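One structure is given below, encoded as structure tokens.
The values are calculated or read from the model by the stated rules, or taken from the named source; none is laboratory data. What you are looking at is a predicted structure, and each value in this text was computed from that prediction instead of being measured. Here Cβ is always computed from backbone atoms with ideal geometry, including for glycine, and neighbour counts include all displayed protein chains. SASA here: full protein model, heavy atoms, side chains in, ligands and nucleic acids out. Shrake-Rupley method; radii C 1.70, N 1.55, O 1.52, S 1.80 Å.
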Amino acid sequence: MATREKPLKIGLLTSGGDAPGMNAAIRAITLAAAHHKLTCYGFHHGYNGLINQDYGILAPDNVTNIIHQGGTILKSARCPEMMTQTGIKQAVSCLIKENIDALIVIGGDGSFNGMLAIQDHWQGKLIGLPGTIDNDLDGTDFTIGFSTAINTAINAIDKIRDTADAFDRVFVVELMGRHSGHIAFNVGVACAAEQIISFENFDPLAQEAKLAEIIADIEQQKLNKAHSYLIVLAENLWPGGAHSLGEALKQQGNIDVGICVLGHIQRGGSPVAKDRILATKLGVAAIEAIITKKSGIMIGECESKITHTPLTKTIQHQKMVNDDLVSIHEDIFKIGNH
Ligand code: F6P
């Protein structure tokens, strides 16, 4: 008599900065696993769940009414222990002890480095799903969470624009993105920012020249017709950040500047349709990849097609902000050009 194959055991965790749509991905993975009769375990608080053997079963009942929720029901964390051999070995021994056949990690580049470390010591399958607001992973046009984050930032900046307009005031708004300008540039264009200071168009060594340019631009604008002036700044770029840029404009240009560091508001909130749908497609594709015995890859979507990219290639930061967008802002719409 033929022996029945044991159902595969899947482990799932969310790691690093949470991103809206992570719950939609957890739901899709759980439902697809149930459909294919696989068992799914959710590990809590990122890689800490592996290190501390903190996990629970994920069944369809556990994922009802979560598709619209921000955050992650599995919780997330950054896990410094995964930078150490001891931490990696603890994570691996949990996977072995619990007979996990495949691990899915939803996160960004730091989380994928964790998977690469596990790969050296474990025979199971490893699948990554791009979950970060920063959109800074290669192998996918968009990461889960990016669309919601830019919509959140746009809504916030539209409100800032109202008060800035009422006072004909200058505002500096600093946006997240870690070391990439996808959020800053897209939001800056969508909010008709007069200035976008991002990795694509600014060299921190050219600070003084940029200050002079902005001050002259604001003066010119006053001569024409006063209105608000919005500067969108990518985080981790201008030395000292938005506060330092605002202070320099006050000191050198005698300009009244409002400052807003938008911060973690960009990570929260109900995911927009685009993130829910992307997360659902990628979650189902992750289970299909496991069934077809793939490993060491991230599931992404490029030009509306599901893609498999080796994890090592996803973290090289080759995906740039769309050139057309940069050129529209820098060349075509540039205020000083008119
Ligand atoms: O990677 C997501 C992100 O929100 C970045 O945009 C930001 O630089 C970072 O995480 C902030 O991390 P933390 O919440 O740990 O301060």
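Extending 7 Å from Cα along the Cβ direction at LYS225 and again at GLU330 yields two label points whose distance is 3.0 nm. For the range 136-148, the Karplus equation 6.51 cos²θ - 1.76 cosθ + 1.60, evaluated at θ = phi - 60°, returns couplings of 9, 10, 7, x, 8, 5, 9, 9, 5, x, 4, 4, 5 Hz by residue, with Gly and Pro reported as x.
Using a probe of 1.4 angstrom and keeping all protein chains present, the accessible surface of the range 200-271 works out to 49 square angstrom per residue.
For the chain, how big is the tail of P(r) above 29 Å, as a whole percent of Cα pairs? Summing the P(r) of the chain above 29 Å gives 43 percent of all pairs.
Length available on full extension from ASN322 to GLU81: 0.36 nm per residue minus the Cα-Cα distance, which gives 83.2 nm.
Computed from the C-beta positions of ILE66 and ALA212 and an R0 of 35 Å, the FRET efficiency is 0.10 to the nearest 0.05.
Near the amide H of ILE297, within less than 5 Å, lie the amide hydrogens of LEU126, GLY128, LEU311, all on another chain or at least 5 residues away, with H placed in the peptide plane.
Amide H to amide H, with H built 1.01 Å from N, LYS75 comes under 5 Å of HIS45, counting only residues 5 or more places away or on other chains.
Each residue of the range 44-49 is assigned a 3J(HN,Hα), and the resulting list reads 9, 6, x, 5, 4, x Hz, derived from the Karplus form 6.51 cos²θ - 1.76 cosθ + 1.60 (θ = phi - 60°), x at Gly and Pro.
For the range 147-267, the percent of C-alpha pairs falling in each 5 Å distance bin, counted from 0 to the bin holding the largest distance, reads 2, 12, 24, 26, 21, 11, 4, 0. Sequence-ordered 3J(HN,Hα) estimates for the range 155-172 from the Karplus curve with 6.51, -1.76 and 1.60 and θ = phi - 60° stand at 4, 5, 5, 4, 6, 4, 4, 4, 6, 5, 5, 4, 10, 6, 9, 8, 10, 10 Hz, glycine and proline given as x. Shown here are the Rg and Dmax of the Cα trace of the range 1-101, at 14.5, 50 Å.
Straight-line cross-link reach from LYS125 at under 13 Å between alpha-carbon atoms covers these aspartates and glutamates, not counting any fewer than eight positions away in the same chain: ASP101, GLU288. One compactness figure for the range 231-312 is 1.79, namely its Cα radius of gyration divided by 2.2 N^0.38 Å.
Once C-alpha pairs closer than 8 Å and six or more residues apart are averaged by separation and normalised to the residue number of the range 194-243, the relative contact order reads 62 percent. At R0 = 22 Å, how high is the FRET efficiency between SER270 and ALA190 if r is their beta carbon distance? Nearest 0.05 is fine. That pair, SER270 with ALA190, gives E of 0.70.
In this structure, THR312 and THR163 have a Cβ-Cβ separation that, at R0 = 41 Å, corresponds to a calculated FRET efficiency of about 0.30. Restricting attention to the chain, close to 20% of DSSP beta bridges with both partner residues there are antiparallel.
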